[in-house]
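A short worksheet on the structure shown next.
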Amino acid sequence: MAADYALLEQAIAIISSVRGLYMDPDALADDVILLAYVWPDEGEFKMAVARVHRTLTQLVEGNVEGSPLKYGFSGWRSFHFQHRRGQQSRADMRIVYMPLDTGIRVKGFGNRHLPSDDIYQRLAQLQ
């Protein structure tokens, strides 16, 4: 992981600055660390952080909406997006969240398949 402690702190501050975002601070820190692991290049990491921040803001403001999840994630939604904006790029990122009257509660975010096989399996372990 190329990101140093100061860069990780900065990324956490950027993401947590979204008004209307409710997320466990430890889960937020873990997800940021995993972003740095998945994108060890500082530029790619910063791009991923910026996209997470932008997407969270859009979700809170109601400009975009994810798909409902089922089974153990009933009541939660998943929004798919790209860490790097570009045509023909696959949606490699996920945010799992629950809409609230005052914003959104985020269970987690990150790359769809890295560092583990499936973000949903990783988040299911947090329940």
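From the list Met23, Met93, exactly one residue is open to solvent by less than 30 Å² (accessible area, probe 1.4 Å) and within 13 Å of the chain's Cα centre (by Cα). Which is it? Don't jump to the end; show me each part of the working.
Working: Met23 fails: open to solvent by less than 30 Å² (accessible area, probe 1.4 Å).
Just one listed residue meets the conditions, Met93.
When you scan the range 50-126 for strands (runs of 3 or more DSSP E) that lie fully inside it, which ones turn up with 2 or more residues that are touching a strand residue (DSSP E or B) at 6+ places or on another chain (Cβ under 9 Å) and more than 21 Å from Ile14 (Cβ to Cβ)?
On the way: elements: 77-81, 93-100, 103-111.
Output list reads 77-81, 93-100.
Checking Tyr5 against (1) more than 12 Å from Gly110 (Cα to Cα); (2) modelled with pLDDT of 95 or more: exactly one of these is not met. Which one?
Tyr5 satisfies every listed condition except (2).
Taking the condition of being touching a Phe, Trp or Tyr at 6+ places or on another chain (Cβ under 8 Å) and either under 26 Å from Tyr120 (Cβ atoms) or not in a helix (DSSP H, G or I) (or both), how many residues in the range 1-47 meet it? Write out each step before concluding.
Filtering the range 1-47 down to residues touching a Phe, Trp or Tyr at 6+ places or on another chain (Cβ under 8 Å) leaves 1-3, 7, 11, 31, 35-36, 39, 45, 47.
The next check asks that each one be either under 26 Å from Tyr120 (Cβ atoms) or not in a helix (DSSP H, G or I) (or both); those that pass are 1-3, 11, 31, 35-36, 39, 45, 47.
Selection size over the range 1-47: 10.
What do you reckon, is Ile104 closer than 22 Å to Ile33 by Cβ and out of contact with any Ser or Thr (no Cβ under 8 Å at 6 or more places or on another chain)?
The answer is yes for Ile104.
With the requirement that a residue be modelled with pLDDT under 90 and either under 16 Å from the mean Cα position of the chain (by Cα) or under 12 Å from Thr55 (Cβ atoms) (or both), what does the range 74-89 give you?
Gln82, His83, Arg84, Arg85
If Leu28 meets every condition in (1) more than 12 Å from the chain's Cα centre (by Cα); (2) open to solvent by less than 80 Å² (accessible area, probe 1.4 Å) apart from one, which number is that one?
The failed condition is (1).
The values are calculated or read from the model by the stated rules, or taken from the named source; none is laboratory data. Just so it is clear, the structure is predicted and the values come from calculations on it, not from any experiment. Ideal geometry is used to build each Cβ from the backbone, glycine not excepted, and the neighbour counts take in all protein chains shown. Keep in mind that these areas ignore ligands, DNA and RNA; they rest on the heavy atoms of the full protein, side chains included. Shrake-Rupley method; radii C 1.70, N 1.55, O 1.52, S 1.80 Å.
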